[in-house]
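First up is the structure itself, then whatever we jot down about it.
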Amino acid sequence: MCRWLAYSGSPILIEELLYKPDHSLIDQSLHARLGVDTTNGDGFGLGWYSPYTHTPALFHSIEPAWNDRNLREVASHVESSLFLAHIRASTGTAVQQTNCHPFRHGRWLWVHNGLVNDFGRIKRELVLAVDEALYPYMEGSTDSELLLDGRLCRGSWAPSWHRAPHPDDYRDYGRG
């Protein structure tokens, strides 16, 4: 089972939630009490919003999160009022950076916990359902990325999926 953390509030150093609590996401990735596996070592990702950019930043690695010094460094220096962190437990797709969450589309971040049943059997159908305009942006091979791209094709999350971003779209994200 993948694990994730979402934060929205006053600006905070990411390490305050990612590392410091007793049962932090990093602690859970190494010593999980619930789930099939007690460790989640198939990569991780971090996405955060900044008041200085219009799209969220991403950091991905296939190293175990508990042992990645670059994650520790980034988390101890980046302050954000809105971020997502994800610890990956692969359900069969390759352990590679392009399969690490969060996924980004414009100003949106996406994480997923779970799996698509019979993914191997229905993957081709799902891939063919992705709009050809979005297809070049698919980088990974996970069911999670296909779920995001499928939602984008249907425009079912927000009316802004199929139009150019407007500066007002960003006013509530990461601007304190």
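The values are calculated or read from the model by the stated rules, or taken from the named source; none is laboratory data. All values reported here derive from a predicted model rather than from experimental measurement. Using ideal geometry, Cβ is built from the backbone for each residue, glycine included, and neighbour counts are taken over all protein chains shown.
Output the number of the condition that LEU58 fails; it satisfies all remaining conditions of (1) of a type outside the set (Ser, Thr, Tyr); (2) assigned to a helix (DSSP H, G or I); (3) touching a Lys or Arg at 6+ places or on another chain (Cβ under 8 Å).
The single condition LEU58 does not satisfy is (2).
Residues checked against (1) over 27 Å from SER29 (Cα atoms); (2) of a type in the set (Val, Ile, Thr); (3) at pLDDT 85 or above:
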residue: ASN67; (1), (2), (3): no, no, yes
residue: HIS77; (1), (2), (3): no, no, yes
residue: THR93; (1), (2), (3): no, yes, no
residue: HIS112; (1), (2), (3): no, no, no
residue: ASN117; (1), (2), (3): no, no, no
residue: GLY140; (1), (2), (3): no, no, no
residue: ASP168; (1), (2), (3): yes, no, no
residue: ARG171; (1), (2), (3): yes, no, no
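Quick check, is ARG72 among the charged types (D, E, K, R) and either part of a strand (DSSP E or B) or within 17 Å of GLU139 (Cα to Cα) (or both)?
No, not satisfied.
Can you tell me which of VAL74, VAL78, VAL95 is in contact with a Gly (Cβ under 8 Å, 6 or more places away or on another chain) and surrounded by fewer than 19 Cβ atoms within 10 Å (Cβ to Cβ)?
Unique residue meeting the criteria: VAL95.
If I filter segment 2-25 down to residues being surrounded by 17 or more Cβ atoms within 10 Å (Cβ to Cβ) and in a loop (DSSP other than H, G, I, E, B), which single residue comes out as modelled with the highest pLDDT?
Selected residue: ILE14.
Residue under question is ASP118, and the condition is that it be in contact with a Leu (Cβ under 8 Å, 6 or more places away or on another chain), surrounded by fewer than 16 Cβ atoms within 10 Å (Cβ to Cβ), over 16 Å from LEU5 (Cα atoms) and free of Cβ contacts under 8 Å to residues at least 24 places away in the same chain; does it hold?
no
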